[in-house]
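Notes follow once the structure below has been shown.
Just so you know, all these numbers are worked out from the coordinates, no wet-lab data involved. What you see is a predicted model; the values in this text were computed from it and never measured. Here the Cβ positions follow ideal geometry from the backbone for every residue, glycine too, while neighbour counts run over all protein chains shown.
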Amino acid sequence: MNVPQVKCVATMVAAVLLIAAGLTHAGAAEQKSTAHMKIALSNFYAGNSWRQALLKSWSDTASQAMKDHIIGETKIVNADNSAIQQSSQIESLIVEGYNAIVVDPISTTAINGAMEDACNAGVIVVVFNETATVSCAYHIITDYVEDGRLQAKFLGEHLKGPANILEIRGVAGTSADVDMHNGLADGLKTYPNIKIVGAVYGNWTQTVAQKEVAGILPSLPPVQGVATQGGDGWGAYQAFNAAGRPAPIIVMGNRQDELALWKTLVEKDPNYQTFSVSSTPSSSEVAFWVAQQILAGRHVPKTMNLPVTTIYKNDLDAWLKITPVGSLALTLFDQSWTETLIEAANTGKPAPDAPSPFLSAQ
Amino acid sequence: MLRLSARIAPALRGAGLPFLPVLALTIMVIGMGIMQPRATSYIGLQLILRFVPPMIFAALAQLCVITASDIDFGIGPFISLVNCIAATLLSSHPALCFLLLAAGVAAYGAMGAFIQIRRLPSIVVTLGASFIWLGLALLIMPTPAGSAPDWLVALAHWRAPYLPLPILVGVLAAIFSQWFFRMSSYGVVLRGLGSAPPFLRDAGWSLVVARSALYALAGLFGVISGLMLTALISSGDANVGTPYTLLSVAAVIVGGSSFTGGVISPIGAVVGAFIMLLTGVLLSFTPISSDWQLSVQGLLLLLVLGLRALSRRHA
C-alpha cells in the first residue's frame with residue numbers, strides 16, 4: 001500500500017466518522033420535548049405475581065419520568081381478561097387525549113379495531129409482551145420462541161440418552177404459549193432421543209400446574225425432565241413429590257418460589273441440574289421508553305425483539321438475594337438500555353443482552 | 001278474567017318510560033361532559049360508545065328470555081360463536097355463513113321448545129348450551145384469526161349525520177323493541193308467557209310456540225350482536241363474547257325489568273346497555289384505578305335494585 005492510498009483510506013475513514021458523528025448529533029438534536037405529553041398503559045390481566053411486577057415496573061418508571069419532567073401524565077388501565085373491555089378502554093384513552101398508548105393485548109386480533117382507531121387519531125401505539133397483528137402499531141416482541149428453544153437445548157444436553165419429558169403449557173390460545181411450545185418442539189428436533197410423553201395446561205399458575213401435573217402423572221412412564229412456561233415449576237415439583245417420584249430436571253421460571261425450591265433441591269443433592277428462564281415483566285419499562293422516544297421524534301423500527309432472562313446455577317445465589325419473596329427475578333431495562341436497543345434495531349444489529357441487575361445492586 | 005287482569009296489572013304499572021335508568025344515564029352523561037368535555041363531542045361519543053351496539057343487542061336477546069321468566073347463561077358464548085362463524089365465512093362464503101347463522105337461530109328456538117315441553121329449568125339448559133356454543137366456536141377458531149368483510153367494517157365506522165352511529169342504533173333498537181313487546185299483539189301474548197302462562201294456554205295460545213318464538217328472537221338478536229361485534233373487532237375470537245352473558249343480565253335488570261312475571265322494559269334494556277358501558281368509561285376518566293371497574297358495576301347494580309325496591313314499597 002503506497003502513501004496516497006493510505007491517505008485516501010484515511011480520508012475516507014475520517015469522512016465516515018464525521019458523517020456518523022453528524023448523524024448521531026442530528027439524532028440527538030431532533031429530540032423534541034415530551035414534557036407535556038401523556039403516555040398510558042392498557043393491560044388486560046393483573047391476577048398473578050408476574051403481572052403485578054409488570055404494573056409496578058411501569059408505575060415506578062413512569063412516575064419517576066413525570067418527576068423528571070420527561071412526560072406530563074401517565075395512567076394504567078386494566079381490562080379484566082376481556083377484549084371488549086380492553087377495546088373500550090383504549091377508545092376512552094384516545095378521547096382523553098393520550099399521545100401514546102402502550103398495549104399488552106389480550107388477543108392477537110380482537111382489539112385491532114380499537115388500536116386502529118388510535119392510530120387514525122394520531123396516537124402512537126406500542127404493542128408489547130403479547131403480540132397483535134395490527135399493522136399501524138410499533139411492536140416489541142418478547143422472544144418466547146427462544147425461551148422454548150433454550151429449554152430444549154438445556155434438557156437435550158443434560159438428559160443424556162433416551163429420556164421422557166413432560167411439557168407444562170400456559171394459557172391456551174395466547175401467542176406466548178404457542179411460541180414457547182413451538183420453540184420447544186423446534187429445539188427438540190436436534191435430540192430425537194427425547195420424547196414429550198405428556199402435556200398439560202398450567203395457566204402460568206403454581207396451583208393450577210400442581211393440580212394438572214398431579215392428574216397426569218399416574219398415566220406417565222418415568223419422567224426425567226419437565227419443560228415449563230414460568231410460574232409452574234414449583235407446582236410441578238409438589239406434584240412429583242406427592243406422587244413419590246424423584247425430582248426430574250424441572251426448568252424454573254424465575255419466580256422467587258421456584259428459585260428457592262431450586263436452591264433446596266441443590267442443597268439436598270449437589271448434582272441436581274436445572275436452569276431458569278422467563279420473559280421479564282419489566283418489558284413494560286422498555287415499552288414506556290420506546291413510546292417516549294417515538295414521541296420525542298426518534299426513528300424507531302416497527303418491530304424490535306426483547307431477550308428473555310436466563311439464570312444458571314452460578315448466579316442462583318446472587319439472584320435469590322435480590323429477588324423479594326412473592327416476586328420474580330427482574331432485569332431492569334432503563335432508558336439508556338432501551339436506547340441501545342433502538343440503536344441496534346435501527347442499524348440491523350442483534351438486540352443487546354439483557355442488562356445484569358448485579359451491576360446496579362452491588 | 002278478573003284474576004288475569006289482577007296478575008297483569010302490576011306488569012302494566014311497571015310499563016312506560018323507565019324513569020330511574022333514564023335519570024341515571026342523564027347524570028352519567030352530564031358527569032362525563034364535565035370531566036372530559038371532548039367526550040361529548042360527535043367524534044368523542046362515536047369512539048366511546050363504539051362497543052355499545054353489540055351490547056344493546058346482547059341485552060335485547062337476554063330481555064327476550066327474561067320475558068319468559070327464564071334466564072340465558074349461554075348468550076355470551078353464542079355471540080362468540082356467531083363472531084367466529086362470521087369471521088371465517090362471511091367474506092368467502094356469505095350464503096353458507098347466513099345458513100349457519102339461521103341454524104343458530106333455529107337452535108335457539110328449539111331450545112325454547114325443549115325447555116317448555118320437558119319443563120326444564122332454563123338455567124341448566126342454557127348453561128349446558130353455553131358449552132356447546134363455546135366448543136363449536138373453539139372448533140372453528142382454536143386461536144384468534146379471521147377477518148370481517150370490508151362492507152361490514154365500513155358499516156360499523158359509518159359517520160351518520162347528526163347522531164353518532166351507536167346512539168342511532170340505540171334509538172332504533174329501543175323504538176323497535178318497545179313497539180314489538182308493548183304494542184304489537186303477539187308481543188303482549190309473549191309477555192303473558194312470563195306473567196300468566198295458564199291463562200295464555202286457556203286462551204288458546206300454544207306455550208311451546210310462544211317460548212320457542214321468544215328464544216328464536218333471542219337467537220336473532222344474538223346473531224345481530226355477534227355480527228356487530230365482528231365488524232368492530234374485524235376478526236374472530238372464541239372468547240370475546242363471554243362477558244356479555246352477565247353484562248346483558250345486568251343491563252336488562254338495571255333497565256327496570258324483573259326476573260319474573262314478564263315485567264320488562266325494552267327501552268330500559270337499551271338504556272341499561274349504555275349505562276353498563278359508561279360506568280367503565282366514567283371510571284376511566286377519574287383517577288380511580290380501573291381494577292375497581294367490576295366492583296363499581298356491581299355496586300351500581302345493587303344501588304339500582306335497592307332504589308327500585310324502595311320506590312316499589314312507597315308506590
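Taking other C-beta atoms within 10 Å as the exposure proxy, A:TRP337, B:TRP133, B:TRP292, A:TRP319 rank B:TRP292, A:TRP337, A:TRP319, B:TRP133 from fewest upward.
With each label modelled as a point 7 angstrom along the Cα→C-beta vector, the B:ALA103-B:ILE132 pair spans 1.2 nm.
Taking R0 as 22 Å, what FRET efficiency do you get between A:HIS36 and A:ALA121 from their Cβ-Cβ distance, rounded to the nearest 0.05?
Details: r = 18 Å, r/R0 = 0.80.
So the FRET efficiency works out to roughly 0.80.
Segment A:ASN241..A:SER336, full-extension length gain: 29.7 nm, with 0.36 nm per residue of separation and the alpha-carbon distance subtracted. In this structure, B:LEU305 and A:CYS136 have a Cβ-Cβ separation that, at R0 = 45 Å, corresponds to a calculated FRET efficiency of about 0.55.
Assign one of three labels to segment A:185-226, namely rounded, prolate or oblate, based on the Cα gyration tensor with a ≥ b ≥ c the square roots of its eigenvalues; rounded applies when a/c is under 1.5, prolate when it is not and a/b is larger than b/c, and oblate otherwise.
Details: a/c = 3.19, a/b = 1.61, b/c = 1.98.
The shape class here is oblate.
In what sequence do A:TYR45, A:TYR237 fall when counting other Cβ within 10 Å, fewest first? List each step's numbers first, then the result.
On the way: A:TYR45 18, A:TYR237 25.
Listing A:TYR45, A:TYR237 from fewest to most nearby Cβ atoms yields A:TYR45, A:TYR237.
Among B:57-69, A:46-58, A:108-120, sorting by the average number of other beta carbon atoms lying within 10 angstrom of each residue, highest first, gives B:57-69, A:108-120, A:46-58.
Placing a pseudo-label 7 Å from each Cα along the Cα-to-Cβ vector at B:VAL29 and A:ASP353 gives an inter-label distance of 6.1 nm.
Partner aspartates and glutamates whose Cα lies under 12 Å from the Cα of A:LYS56, excluding those fewer than 8 positions away in the same chain, are identified as A:GLU285.
Which ordering of A:ILE71, B:ILE75 is given by a fewest-first count of other beta-carbon atoms within 10 Å? Ascending number of Cβ neighbours within 10 Å: A:ILE71, B:ILE75. Counting Cβ atoms of other protein chains within 10 Å of each Cβ in B:293-305 and taking the mean gives 1. Here each label is just a point 7 Å from Cα along the line to Cβ, and for B:ALA160 and A:ASN182 those points are 4.2 nm apart. For segment B:49-314, the average shadow cast by the Cα convex hull is 15.6 nm², which is a quarter of the hull's surface. Measuring against 21 Å, Cα to Cα, the residue pairs A:LYS195/A:LYS263; A:LYS189/A:LYS349; A:LYS160/A:LYS195 contain A:LYS195/A:LYS263; A:LYS189/A:LYS349 as the ones spanning a longer distance.
Peptide A:71-80: average number of partner chain Cβ atoms within 10 Å per residue? Could you put the intermediate results ahead of the total?
On the way: counts 0, 0, 0, 0, 4, 3, 7, 5, 4, 6.
That works out to 3 on average.
Inter-chain Cβ neighbour count for A:91-101, averaged per residue, equals 5 (cutoff 10 Å, partner chain atoms only). GNM remark for chain B: springs join alpha carbons under 10 Å apart, and the peak mean-square fluctuation among B:SER212, B:SER289, B:SER41 falls on B:SER289.
With a cut-off of 14 Å between beta carbons, the residues surrounding A:ASN43 carry a summed charge of -2, where Lys and Arg count +1 and Asp and Glu -1.
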